[in-house]
Structures are given as structure tokens and as C-alpha cells.
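Heads up: the structure comes next, in C-alpha cells.
The values are calculated or read from the model by the stated rules, or taken from the named source; none is laboratory data. This structure is a prediction, so every number in the text was calculated from the model and none was measured. Cβ placement follows ideal geometry from the backbone for every residue including glycine, while neighbour counts extend to all protein chains displayed. In case anyone asks, the SASA skips ligands and DNA or RNA and just uses the protein heavy atoms, side chains included. Shrake-Rupley method; radii C 1.70, N 1.55, O 1.52, S 1.80 Å.
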Amino acid sequence: MSTMMAAPNLVRCYSSYRNGLRSESLKSKWKCKADGEADVIVIGSGIGGLCCGALLARYEEDVLVVESHDQPGGAAHSFDVKGFKFDSGPSLFSGLQSRGPQANPLAQVLDALGETLPCATYDSWMVYIPEGQFLSRIGPTEFFKDLQQYAGPNAVDEWRKLLDAVLPLSAAAMALPPLSIRGDWGVVSTAAARYAPSLLKSFIQMGPRTALGATKLLRPFSEILDDLQLKDPFIRNWIDLLAFLLAGVKANAVLSAEMVYMFAEWYKPGCCLEYPLHGSAAIVDALVRGLEKFGGRISLQSHVENIVVENDRAIGVKLRSGQFLRAKKAVVSNASMWDTLKLLPKEVVAKSFSDRINTTPQCDSFMHLHLGFDAEGIRSDLGIHHIVVNDWKRGVDADQNVVLISIPSVLSPHLAPHGKHVLHAYMPGTEPFDLWEGLDRRSAEYRNLKAERSEVMWKAVERAVGEGFSREKCEVKLVGSPLTHQRFLRRNRGTYGPAVQAGTDTFPGHSTPIPQLYCCGDSTFPGIGVPAVAASGAIVANSLVSVSQHSNLLDAIGI
């Protein structure tokens, strides 16, 4: 996930926080000499690639992460315009500060790296739906009040029935720490044997009926809903929305394990949502700090032209500059499956491998709206997150229907100039690429289409921010299209990722038919979303070291 800047022989290395704040763009980056080889080369510095690279450095492997963009982070990178610091992608987080066996996969990686992530905590977001608008609170009890008002007693009963069934399943869903998983038979030692007692205990505590339900954790979540005979339209719509926020698909396509994990984080006593004080870039910076702390390197503006395969093995990468970087042990691609395929010489790719990739359906792309505006006249109780659903009947995955809005300056005022707000609105994985394909980004046709297709976001923002907001008074107005998404993130057709349907297909594993070539990120198991891609990167890193090294790491962080 990156843009297209060629690399010089002296590669740019990323300078992370100084005195707790992000250093100033390219001015404060230093250069380090590229020696032309590493044990492992990671293509792309998205969350998955950075988790993989940083853990490998923690394992004392010589790691080089190569990134085409002039800053790391992939879809999670941030950018600055006139002092407004914008997130480019994810903004809804939980479990970032959790620790222990049941912690969020990203939190476990950060723990292994000895990195902390200061966060603001909160417990609600504003929801605008056809039935009305309300402040939706996480936790075990607050949501019942909203259900009573907007959906009625039947919805209350069904939600209680769902929580009673799902929350006990979380013990099974979270029994194996994500950091214990690896992609070979060593998993028997690092996961199955190591955690068998706690897994058995959790099944005993569940009781026979709940334990039987745990067998559905790798099936679509809709099957659990059907078994519970949940039919209330509001409940089914709400769960589709939660699934969509989590993984870009509805309940009939998301793994039950993912949803159960999410319910455990959002609907248990004492739970909260978190936002990094320095924006999503703080996550990226923490991972880069961890990478560099243990001797790993990151090379920015280093566009990989192709993966070099010799004697049927991946041996390195060739950059657009012409430079060859040798990988002594492995090449790991954090690019999407379609973009990884483009990097490989056609003659070395098995037809079955390319056919599977080319026939895998894709989620649609994104529309983005980035705004910077004056906070004067804006209500003081403005929340950080707002979700607008225009029409339940069309489905949460329909285009122009669901708009997500993040205003992080509400919790972190320094993300905008004094007295200002920074806002990111987007339509996640629902914008058809076909509408945009082939358009000249400098043409009037392109500008007109951006204005037309962004109007639903503008209206959602006006509804969420309320009186005092004016389009004309926005100091920064940026509209991003699928072509923007494709260009800056190097995502094939600007896609959100594979549209894999749980129960009928599975996300690919991390090894490939080409020895020494591995993949991580949202095109691999366990799928789309920050926790999932963090887990994928960790699995690849664990798979490239010995079982004893892996076990020692688990011992070191106490899981």
C-alpha cells in the first residue's frame, strides 16, 4: 500500500516521534545507507507489514521494510494540510491498551515491542438512522434504553438473548492469544498445547449448550442469529451495521469469531473505545519505533517494481530505481493479493494461484471527505464519531447509503490549529470503481463526478455537526475518490479488500506456491480490519522463526 516514488541508492529512513510528537515531514528524516540485502524484506508498511517487520526485528532478524510512499502506514497513514492532521483510514479503535492473553492482536504486538500508545477513552458514538438519532453507548446495559425507544420491547428481548448467548462464547473465541499462532506445525506447541488447559476450562465453564455453539465460531455470524431465532428488523439491521464496521461485510459473511470478539470488547462491563492522542499515525509511529529499536530498517520512497524469483524461489526485490535488494530468508508482501500478483514474473506463477486471485471478488472502493473548519459557533458537545444510515432497506453495503464521520480534534485538539476542527468522512468499501475507471483526474468530468458522489457525505456532515457549520467556511476541503484510493494506497481498483464470504470461502493463508514468498495484510487470514491485519503480520513473523524463539517471546510478555 503505497505511492510511486523512486528510491535512490541512499534510502530515506523514517524518523519517529521526538519529544512525543511526530517530527516534521521530510525535513527531519535522515538517510541511512542501504547495504543491498536483509534476512527478510517486507513490501509495504501498512499495519500488517509493520507488525511483521517489527516482530521479526524483535526476533533478531535483519529486516528491511520497503515503502513506496514518502511516509509509512499504508491505509493508516496520516497527512498534514495547513496544520490540520488528517487520518486517511481507520479511526474507530478499541483494545489498543489491553494486555494479556485476550488482548487485541495489535496490542499484543505493541507489548512485544515494549511500546505504549497514549489514548483518549470514550464510550459512545452518534447514530443517525431512519428511525431517529441517538447517542449509542457501548457496555452491557446502556444500549437497552435506545432499543426501548427506537425499536420496542421485542428488540430489547432479542438483544438480551443475543448477549446471553454470545458473551460466554468469547472465552472460546479469545482462548488462543493471536500472538501464539504460526503457520506451520509448530502451532501445536505455541498454541494448542500451551493453551489447552485454559481452552478446556473455558469450555467447561460454558456448559454443554454454549460449548456446542462455539463450534460455529468459524461459520457466518448470521447462523448464530438464526439459531437464536432473532427476527426483529432493527436487531438484524444493527448487527449488519456492526459487522460492516468491523469487516466490510454483513452478518451473513463475517466470521462468528470476529463478531464474538467485537461483542466482548464493546458490550462487557467496563469496556471503552479508544482514540490515539496523536491520531492513527501514532500507531504507525509506535510500530516503526519498535522496528528501529530492535535494529530493523524502513526505506521510504522505495517503489518495488517486481519480486525477483530465481530457481523458483523469491530471492529479493527490484526497485523502480533499478536497485536490487536481496532477501536471504524471505520476501513478505503486505500488498493486496492482486497487487502482489502484478509484482511476480508471469512465467513463475502457477495458473491455479493466479486463477484464484483473479476470481476472488473484491469489496468496492471508498469516497473520502477531509475538512478543516473553525470550531467557533459549533456546539461544544460534538462527539468524535457519527454514523449515518440513510435507508435500511437498501442494506448497509449499498453505495451512497452509509457515511462514517470522525472528528478526532474533539478528543485531541492539537490535531488541528487552535480553535479549529479536523474531520474525516467516508463511505467505506461501497463506492463502485467502474464509475471512475478511465477518467482523467484533471478533467471536468472527473471534478463533476466528485462533486456529485460526495454530496451524500456533505449532507451527512451537515446533519452531524449541526448549526454553525458551513461548507463555504471550511478552510480545507478535500474529496477523495476511488482513483485517489488507488493512486495513493496502491490498491488494485481502490478496493477495500477481498469480499470473502464466511462459510463458503476462506481468506488465503500466508504462504504461497513460491518458496520464500509470504503474504500478510487484509488479503490473508484472518481478513480485513486493524486487529485482523496485525494478527496476519504476527503470524508470518512467527512462522519465519523457530518454535523456541516464538515460545520465548510469549514467555517474555507473559501470555
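Length available on full extension from residue 462 to residue 487: 0.36 nm per residue minus the Cα-Cα distance, which gives 6.1 nm. Note on residue 363: accessible area approximately 10 square angstrom, rounded to 10, probe 1.4 Å, nucleic acids and ligands left out.
Amide hydrogen proximity for residue 333: with H placed 1.01 Å from N in the peptide plane, the residues at 5 or more positions away or on another chain lying under 5 Å are 43, 518, 519, 520. For the pair residue 376 and residue 449, label points projected 7 Å from Cα toward Cβ lie 4.0 nm apart. With every protein chain in place and a 1.4 angstrom probe, the accessible-area ranking of 324, 79, 469, largest first, reads 324, 79, 469. The computed Rg/Rh (Cα atoms, Kirkwood Rh) for the structure shown corresponds, within [x] 0.95; [y] 0.98; [z] 1.09, to [x]. The distance from the alpha carbon centre of region 477-556 to that of region 285-356 is 14 Å, rounded to a whole number. Taking amide H atoms as placed 1.01 Å from N in the peptide plane, the amide H of residue 305 lies under 5 Å from those of 318, 319, 320, each 5 or more residues away in sequence or on another chain. In the complete set of protein chains, residue-level accessible area for residue 37 is approximately 70 Å², probe 1.4 angstrom.
Classify region 121-173: rounded, prolate or oblate, from the alpha-carbon gyration tensor (a ≥ b ≥ c, eigenvalue square roots; a/c under 1.5 rounded; otherwise prolate if a/b is larger than b/c)? Cα axes put region 121-173 in the oblate bin. In this label model, residue 167 and residue 552 are separated by 4.2 nm, measuring between points 7 Å along each Cα→Cβ vector. The mean accessible area for residues of the chain, using a 1.4 Å probe and ignoring ligands and nucleic acids, is 40 Å² per residue. Would you please state which residues of region 401-444 a label at residue 277 would reach in this model, taking the label point 7 Å out along Cα→Cβ and a backbone N cut-off of under 14 Å? Counting backbone N atoms under 14 Å from the label point, the list is 411-415.
For region 354-359, backbone phi angles converted through the Karplus equation (6.51, -1.76, 1.60; θ = phi - 60°) give residue-by-residue couplings of 5, 5, 5, 5, 6, 9 Hz, Gly and Pro being listed as x.
Structural descriptor for the chain: relative contact order 24 percent, calculated from alpha carbon pairs under 8 angstrom and at least 6 residues apart. Considering only protein heavy atoms and a probe of 1.4 Å, how much of the accessible area of the chain is carbon and sulfur, as a whole percent? The computed percentage sits at 53.
Rounded to the nearest 5, the antiparallel percentage of DSSP beta bridges internal to the chain is 75%. Stretched out straight at 0.36 nm per residue, the stretch from residue 418 to residue 320 would grow longer than its current Cα-Cα span by 31.1 nm. Computed from backbone phi with θ = phi - 60° and the Karplus coefficients 6.51, -1.76 and 1.60, the 3J(HN,Hα) list for region 253-270 is 10, 9, 5, 4, 4, 5, 5, 4, 4, 5, 4, 5, 7, 9, 10, 9, x, x Hz; x is used for glycine and proline.
Keeping all protein chains in place and using 1.4 angstrom, which order do 545, 479 fall into by accessible surface area, from largest down?
Of 545, 479, the descending order of accessible area is 479, 545.
Taking a ≥ b ≥ c as the square roots of the Cα gyration tensor eigenvalues, region 38-85 comes out prolate, since a/c reaches at least 1.5 and a/b is larger than b/c.
The 3J(HN,Hα) values that the Karplus relation (6.51, -1.76, 1.60; θ = phi - 60°) gives for region 430-442 are, in residue order, 10, 8, x, 5, 4, 5, 10, 4, x, 6, 7, 5, 9 Hz. Gly and Pro appear as x.
Relative to the current alpha-carbon distance between residue 137 and residue 293, full extension at 0.36 nm per residue lengthens the span by 52.3 nm. When peptides 257-264, 444-451 are sorted by average Cβ neighbour count within 10 Å, with the highest value leading, the order is 257-264, 444-451.
Let me spell out the model: positive unit charges on the Cβ of Lys and Arg, negative unit charges on the Cβ of Asp and Glu, origin at the Cα centre of region 418-559. What dipole size does that give, in debye rounded to 20? The calculated dipole for region 418-559 is roughly 460 debye.
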